[in-house]
Amino acid sequence: MIKVRDLRKRYGSKEALKGISFVVEKGEILGFLGPNGAGKTTTMQILTGYLSPTSGTVTIGEADLLRDPLEVKKQVGYLPENPPVYRDMTVKEYLNFVMELKGVPRKERNNQLSELVERLQLTDVYTRLIGNLSKGYRQRVGLAQAICGDPEVLILDEPTVGLDPQQIITIREFIRELGRDRTVILSTHILPEVSALCERVLIINQGEIVAEGSPAELSHRLQKGQSLRVKI
Ligand code: ATP
């Protein structure tokens, strides 16, 4: 579903991505694990068309990101690490606004809205101001905006950061559920997060992919002190 080849990103003299390549299969929830500053957000922002790479290629489905960024944006839903919070909008107003931005045809909006409000259990807060919601509910709204337009691919950057343990469990359940009919990349610096949700994980450190495997294999290697060139 997603093919990334020799992706590089330079910020001035800082080489944030040093030529990473990977593939994500259709329907997979891939973990993208790495410490702070590893290059995760840079990779996620390139895959979602928010940032241009210095070089390399990305294809999502049949679309080439560099040649056809609009087509790629339609296929990808994105939950950024620090999503903007529209405190003065109700959930209903905000999700309608996102539908408009994503160009979802008017006649499809009501059906899509009721489906995603039900899937993310937002009915009770649908007419409340986002600024008055708990962080856990705001993150559910973040997931809801990411699936507006029914994209095939979902890119989630640190989706449970700052949440309490109960909220983390709830958000992970929603991610598992949304991953049933989508391809998902889950970026995180927390090993238990990928253990809970992913069958396969890539570890990125200092702009390079340094290991790949199942969460169990990688945690076993880390426990045995084998070098993954990364401590998590
Ligand atoms: P975190 O979890 O802390 O967000 P990350 O793995 O997402 O880390 P990135 O944010 O992609 O890492 O950053 C990769 C490297 O690129 C870091 O060294 C960072 O300081 C640098 N970097 C990121 N954005 C910029 C920028 N706009 N200008 C200069 N350097 C940047």
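Only the coordinates and a few stated rules stand behind these numbers; no lab work does. Since the structure is predicted, the reported quantities are computational estimates derived from the model, not experimental observations. Cβ: placed from backbone, ideal geometry, glycine included. Neighbour counts: every protein chain shown.
For the range 150-190, what does the alpha-carbon gyration tensor say about shape, rounded, prolate or oblate, given a ≥ b ≥ c as the root eigenvalues, a/c under 1.5 as rounded, and a/b over b/c as prolate? Before the final figure, lay out each step's value.
Numbers: a/c = 2.83, a/b = 1.57, b/c = 1.80.
Since a/c reaches 1.5 but b/c is at least a/b, the shape of the range 150-190 is classed as oblate.
Return the long-range amide H neighbours of residue 158 (sequence gap of 5 or more, or a different chain), with a cut-off of under 5 Å between placed amide H atoms.
The answer is 187, 188.
State the extension gain, in nm to one decimal, for the chain segment bounded by residue 150 and residue 15, taking 0.36 nm per residue of separation less the distance between their alpha-carbons.
Values: separation 135, 0.36 × 135 = 48.60 nm, distance 3.42 nm.
The residue 150-residue 15 span can extend by a further 45.2 nm.
Using 0.36 nm times the number of residues separating residue 100 and residue 173, minus their current alpha carbon distance, what extension gain do you get?
Working: separation 73, 0.36 × 73 = 26.28 nm, distance 2.78 nm.
Stretched out fully, the residue 100 to residue 173 stretch lengthens by 23.5 nm.
By count of other Cβ within 10 Å, fewest leading, how are 129, 101, 30 ordered?
Details: 129 15, 101 11, 30 25.
With the sparsest Cβ surroundings first, the list reads 101, 129, 30.
Once a ≥ b ≥ c are taken as the square roots of the eigenvalues of the Cα gyration tensor of the range 35-96, is the result rounded (a/c under 1.5), prolate (a/b larger than b/c) or oblate (a/b not larger than b/c)?
Numbers: a/c = 3.19, a/b = 1.45, b/c = 2.19.
It is oblate, given that a/c is not under 1.5 and a/b is not larger than b/c.
List the residues whose amide H sits under 5 Å from the amide H of residue 89, counting only those 5 or more places along or on another chain, with H placed 1.01 Å from N in the peptide plane.
Close amide H contacts, sequence-distant or interchain: 130, 131.
³J(HN,Hα) across the range 189-203 via Karplus (A = 6.51, B = -1.76, C = 1.60, θ = phi - 60°), whole Hz, x for Gly/Pro?
In residue order, the calculated couplings are 10, 10, 4, x, 5, 6, 4, 6, 10, 10, 8, 9, 9, 10, 10 Hz.
Can you give the longest run of the chain that contains no chymotrypsin sites (Phe, Trp or Tyr not before Pro) sitting in a DSSP loop with at most 16 other Cβ atoms inside 10 Å? Let's see the in-between values first.
On the way: sites that count: 50, 126.
Value returned for the longest uninterrupted segment is 127-232.
Which of 65, 70, 133 has the fewest other C-beta atoms within 10 Å, and how do the rest follow up to the most? Let's see the in-between values first.
Values: 65 25, 70 9, 133 18.
The most exposed by this proxy come first: 70, 133, 65.
With just the Cα atoms defining each centre, how far is the range 40-85 from the range 112-133? Give it in Å.
So the separation of the two Cα centres works out to 26 Å.
Tell me, what HN-Hα J-couplings in whole Hz come from the Karplus equation 6.51 cos²θ - 1.76 cosθ + 1.60 at θ = phi - 60° for each residue of the range 75-91, using x for Gly and Pro?
8, 10, x, 10, 10, x, 4, 10, x, x, 9, 8, 4, 8, 9, 6, 4
Positive end of the charge dipole of the range 1-78 (Lys, Arg +1 and Asp, Glu -1 on Cβ, about the Cα centre): tell me which of 23, 44, 1 has its Cα farthest that way.
My answer, from the dipole projection, is 44.
Residue by residue, what Karplus-based ³J(HN,Hα) values in Hz, rounded to whole numbers, does the range 144-154 have, using 6.51, -1.76 and 1.60 with θ = phi - 60° and x for Gly and Pro?
Result, ordered by residue: 4, 5, 5, 9, 4, x, 6, x, 7, 10, 10 Hz.
Mind checking the range 127-232 for trypsin sites (Lys or Arg not before Pro) that DSSP puts in a loop (not H, G, I, E or B) and that have at most 15 other Cβ atoms within 10 Å?
Details: sites: 128, 135, 138, 140, 172, 176, 180, 182, 200, 221, 224, 229, 231; in loops: 128, 182, 224, 229, 231.
Taking the range 127-232 and a limit of 15 other Cβ atoms within 10 Å, the loop trypsin sites (Lys or Arg not before Pro) found are 128, 224, 229, 231.
Counting Lys and Arg as +1 and Asp and Glu as -1, each charge on the Cβ, what is the dipole of the range 124-231 about the Cα centre in debye, to the nearest 20? Don't skip to the answer; put the middle values down first.
Details: 13 positive and 14 negative charges, 63 e Å.
The calculation lands at about 300 debye.
Need the full-extension length gain, residue 127 to residue 108, defined as separation in residues times 0.36 nm minus the C-alpha distance. One decimal, nm.
Values: separation 19, 0.36 × 19 = 6.84 nm, distance 2.02 nm.
Difference between extended and current length: 4.8 nm.
When only DSSP loop residues count, what GluC sites (Glu not before Pro) in the range 6-53 have their Cβ near at most 11 other Cβ atoms within 10 Å?
Values: sites: 15, 25, 28; in loops: 25, 28.
Of the GluC sites (Glu not before Pro), the ones in loops of the range 6-53 whose Cβ has at most 11 other Cβ atoms within 10 Å are 25.
Taking H placed 1.01 Å from N in the peptide plane, check which residues at least 5 places from residue 213 or on another chain put their amide H under 5 Å from its amide H.
201
For a test of the definition: using alpha carbon positions, the gyration tensor, and the 1.5 limit on a/c, classify the range 4-76 as rounded, prolate or oblate. Mind dumping the intermediate values first?
On the way: a/c = 1.89, a/b = 1.28, b/c = 1.47.
Verdict is oblate for the range 4-76.
Test of understanding: ordering 181, 68 by Cβ neighbours within 10 Å, fewest first, what list do you get?
Details: 181 9, 68 15.
The fewest-first ordering by Cβ neighbours comes to 181, 68.
Which residue, chosen from 163, 144, 210, occupies the Cα position most advanced towards the positive end of the dipole of the range 140-221, where the dipole is computed from +1 (Lys, Arg) and -1 (Asp, Glu) charges on Cβ about the Cα centre?
Looking along the dipole axis, the top candidate is 163.
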